[in-house]
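The values are calculated or read from the model by the stated rules, or taken from the named source; none is laboratory data. Values in this document were obtained by computation on a predicted structure and should not be read as measured data. Note that we place each Cβ from the backbone using ideal geometry, even for glycine, and neighbour counts take in every protein chain shown.
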Amino acid sequence: MSWMSVAESERERVAPDAPASGSAWRKASIPERIRTMAEQHPDAIALDDGERQLTFGELEAMASRSARHLVALGAGPETLVAVCLNRSIRQVVALLAVLKSGAAFLPLDPAWPDLRLQSLIGDAEAAVAIVEAATVERCRAGRHRILDLDDAGAMAALNEEGALPASLDPRSLAYVIYTSGSTGAPKGVEIEHRNLQHLANTYADTFEAGPGTRGGFLSGLAFDGAVFDIWPVLSAGGTVVLPREEDRTSARGLRDWLVARRVTIATAPTVLAEGLIAESWPAETALRHLISAGDTLHHHPRPGLPFVLLNGYGPTECTVSATLGVVAPLAASSGEQPALPTIGKPFGPCRIHLLDDHGKPVADGEVGEIHIGGPGVGRGYRNRPELTALRFGGDSLSDGTTSDGALSSGSPSDGALNDGPLGDHRGARLFRTGDLGRRLPDGDHVFCGRVDSQVKIRGNRVEPEEIATALHRCPLVLASAVVARDLSEGDKQLVAYVVLREGSDPTSDELRSFLAARLPDYMVPAAFCRLPSLPMTANGKLDKAALPQPSVANELRRKAYRAPRTMSEIRLAELMGAVLQVERVGLDDDFFLLGGQSLLAAQFVRLAADEFGVAFTLFHFYRAPVLGDLARTLEQLLIEQIETMSEEELRRLSGS
């Protein structure tokens, strides 16, 4: 099933008077579309938080009133207004007011530390900050003006004399969202109104959004997922449904909320999406589309779910979504997960180019860096011209543009990018993502990790995501993550974190054996830690910094202690214990989990080689650093050595 056919299957669910059609609607800005909806259907519900509903007429009136005051405070085209409010109806009203004033919004999460809030407001050079009682003092530092929505006196005295712009320039700034930077300093991504219009148009085309649409606002407040949750739905005349924070913290709680609030489309962080497809769903479920976003999706849905699962991919720099694909349900279970779900095909007129290090397209099936072109490519990074020039540039691979400025469809050319990897060509834009991908014969794309996420383990380049993908195929594992950690000074080892399926209780040896059958030995993690859930950042990505260090408390149990029995096992255990300074070493004990590192490993290998008189090397050691396996390796080396001896050497060895 092609993702492009999703909309066709849902046509009958959309009200016939949906405004999301016609050239005039497609060229209108988001505020203009909402104003038209308010004029044509003033009593239609725009926002619903479960306790209160706001009609389009009320939304338009409230946002217009606040927008005039913002203009009086200095807001206007190319100025920035910070919005630091908790998830609420008035937060959405405030965001719309900023757009109506002609300014761009900078969403901030009140959960962030004070210094981060103040730093981003200052770095973005915001002219105004919209706050509430809980955030007013935290956002006050700086030269910007303050609009406190909880200040009754200030709200009663709103200056409504400011004139709103009659129309908005498609090339004017719509919003700025900060993302983390590789240097540790966050960078503000600038998105224009034409980019936002493209997103709304493609969303409407794909899902046939209209007055019958009820979209869940689940994404983090200050991340681009919220843009996807709010503006395409409102601009098409649908209803944005807001959850309570406690409804977003678990898959089961989120399922109950989605069912109770009759949400028809929702985008969930990948970790929650994978939990949602594992839940049971009642027959009366209204949900029709569940989009997984923010991280690598590892699981396919089972047959019989009442909704279609889609896997989305797209950097903030390209207006949220660049590819989208339907994730087919599993057929009869074979005991293992099938291939990793793809990230699908280009989202509407987006263009995906996979390029090598020289800026030339790679062949289908080969891995290349993902470059994105089309109308979703944003302006660049705020106040970072050098970084903008490095990551954004002209698209010499496109074959032209349509009359409205969007890139036309068609196959990319075979040429390389002009003037280096990001040359200029007819004004089309291209963004270098730093992500790796490959294209399948059917046109779908597979995400292959980051350009800069590889680590070296024992001299081998390793992509941890590849190990996590293999681990996800184990039927006992619900979710997993793999990172490289310094388990001991100067020695990096792989650590796997697993969330187990209900009722499963594997040992670390079982998971190690599962992976050893599928991956090179250097890719098998040294430690396996059990977690109740994987930690997430506010925007739904894996929070690697929050993964705990391996410890007795979180490591998967191992097989029951087995004492060394043979002479070689006993002597090796004594050597390992002496080197690591531990009292007891069992057959199933791993050298590194007992505190070993590379220097101690070299010392142990020398002692063992001398003790047994064989050519025992670090190569043999690293293939299986577990006592029982090491003893078998040494015994095999002894047998091989004996088989090559002459009769005279054997007599000398036996002492006869």
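Can you tell me how many residues in segment 275-290 are touching a residue at least 60 places away in the same chain (Cβ under 8 Å) and closer than 16 Å to V326 by Cβ?
So the answer is 2.
Mind listing just one residue for me: the one in segment 301-328 that is touching a residue at least 60 places away in the same chain (Cβ under 8 Å) and assigned to a strand (DSSP E or B) and, of those, surrounded by the most Cβ atoms within 10 Å (Cβ to Cβ)?
Only one residue tops the list, namely Y313.
I need the full set of residues from segment 240-257 which are at pLDDT 90 or above and under 19 Å from L221 (Cβ atoms), in order please.
V240, V241, L242, P243, R244, L254, W257
Looking only at segment 578-587, decide whether some residue is of a type in the set (D, E), in contact with a helix residue (DSSP H, G or I) (Cβ under 7 Å, 6 or more places away or on another chain) and modelled with pLDDT under 90.
yes
Is there any pair with a first residue in segment 510-534 that is over 13 Å from V498 (Cα atoms) and not assigned by TED's automatic domain parsing to the domain that holds P269 and a second that is at pLDDT below 95 and among the polar types (S, T, N, Q) whose Cβ atoms are under 6 Å apart and which are 6 or more apart or on different chains, and what are they?
Taking only residues 6 or more apart or on different chains, the pairs are Y522/N460; A526/Q493.
Return the residue satisfying two criteria in turn: it lies in segment 59-83 and is of a type in the set (A, V, I, L, M, F, W, C) and part of a loop (DSSP other than H, G, I, E, B), and of such residues it is nearest to the chain's Cα centre (by Cα).
A75
How many residues, within segment 243-283, are closer than 24 Å to G210 by Cβ, surrounded by fewer than 23 Cβ atoms within 10 Å (Cβ to Cβ) and out of contact with any Pro (no Cβ under 9 Å at 6 or more places or on another chain)?
Qualifying residue count, segment 243-283: 3.
Given the options L387, L355, name the one that is among the hydrophobic types (A, V, I, L, M, F, W, C), over 23 Å from R438 (Cα atoms) and either surrounded by 15 or more Cβ atoms within 10 Å (Cβ to Cβ) or in the same structural domain as G437 (by TED's automatic domain parsing) (or both).
Matching residue, one of L387, L355: L387.
Quick one: would you say T433 is among the polar types (S, T, N, Q), at pLDDT 80 or above and outside the structural domain of R518 (by TED's automatic domain parsing)?
For T433, the condition - among the polar types (S, T, N, Q), at pLDDT 80 or above and outside the structural domain of R518 (by TED's automatic domain parsing) - is met.
Got a sec? Which of L494, L511, L471, L478 is at pLDDT 85 or above and under 16 Å from R558 (Cα atoms)?
Just one listed residue meets the conditions, L511.
How many residues, within segment 564-573, are surrounded by 11 or more Cβ atoms within 10 Å (Cβ to Cβ) and farther than 18 Å from A624 by Cα?
Adding up the residues that qualify gives 2.
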